[in-house]
Amino acid sequence: MATKIIRRVISIPRAPTPVTAYNQAILVDRTVYLSGVLGLDKNTGKLVGNGAAGEARQALINMGHILAAAGSSFEKVIKTTILLDNIDDFSVINEVYKEFFAKDYPARSAFQVGKLPLGALVEIEAIALTGNVETVCVESTSSEK
């Protein structure tokens, strides 16, 4: 008989309520899958000001609350995807990103998209781990081609 896998729905009041039919995150075994997070103020449900940088900062603050509720943290994020209204905002958002991801950065993709929910300038999704995670950096020292 197969072992039952538990799918935990993460839904917390410290982060904005999803804008449609999805959850803030799903935890399966030791992996957390975060839905795209917008730079919404949880109290008003509206996008924060200060352009793409302000939205990115708020999205990452919201993401931090969701990660914590799932038993994870920014240090345990293994992959992020950044969706941008305008790819020209990439460098500004990258500076904000480095405030939350200081070293041993996760794998990442960034894309300019046609349109984001609620007219947002940025949306960030992530995959993270829970539990005791050890990071080992592997760098090639050979000149392999």
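No lab work stands behind these numbers, since they all come straight from the coordinates. Keep in mind it's a predicted model, so treat the numbers as computed, not measured. Neighbour counts run over all protein chains shown; Cβ positions are idealised from the backbone, glycine included.
Just a few scattered comments:
- Extension gain, residue 14 to residue 113: 0.36 nm times the residue separation minus the Cα-Cα distance gives 32.9 nm.
- Cα-based Rg and Dmax for the chain, where Dmax is the largest Cα-Cα distance (Å): 16.3, 54
- The GNM of the chain, with springs linking C-alpha atoms under 10 angstrom apart, assigns the highest mean-square fluctuation among 29, 41, 85 to 29.
- Magnitude of the charge dipole for the range 7-129, about its Cα centre and with charges confined to Cβ atoms of Lys, Arg (+1) and Asp, Glu (-1), is about 460 debye.
- With q set to 0.20 Å⁻¹, the log10 of I(q)/I(0) for the range 66-145, from the Debye formula over equal scatterers at the Cα positions, is -0.97.
- The length gained on full extension between residue 22 and residue 81, counted as 0.36 nm times the residue separation minus their Cα-Cα distance, comes to 19.5 nm.
- In the chain, helical runs assigned H by DSSP with n ≥ 4 each contribute -39500 (n - 2.57); averaged across all residues and rounded to the nearest 500, the mean residue ellipticity at 222 nm is -7000 deg cm²/dmol.
- Using distinct alpha-carbon pairs, which all enter the 1/r mean, Kirkwood radius of the range 32-102 in Å: 12.6
- Projected area, mean over directions - the range 15-67, Cα convex hull, nm²: 3.7
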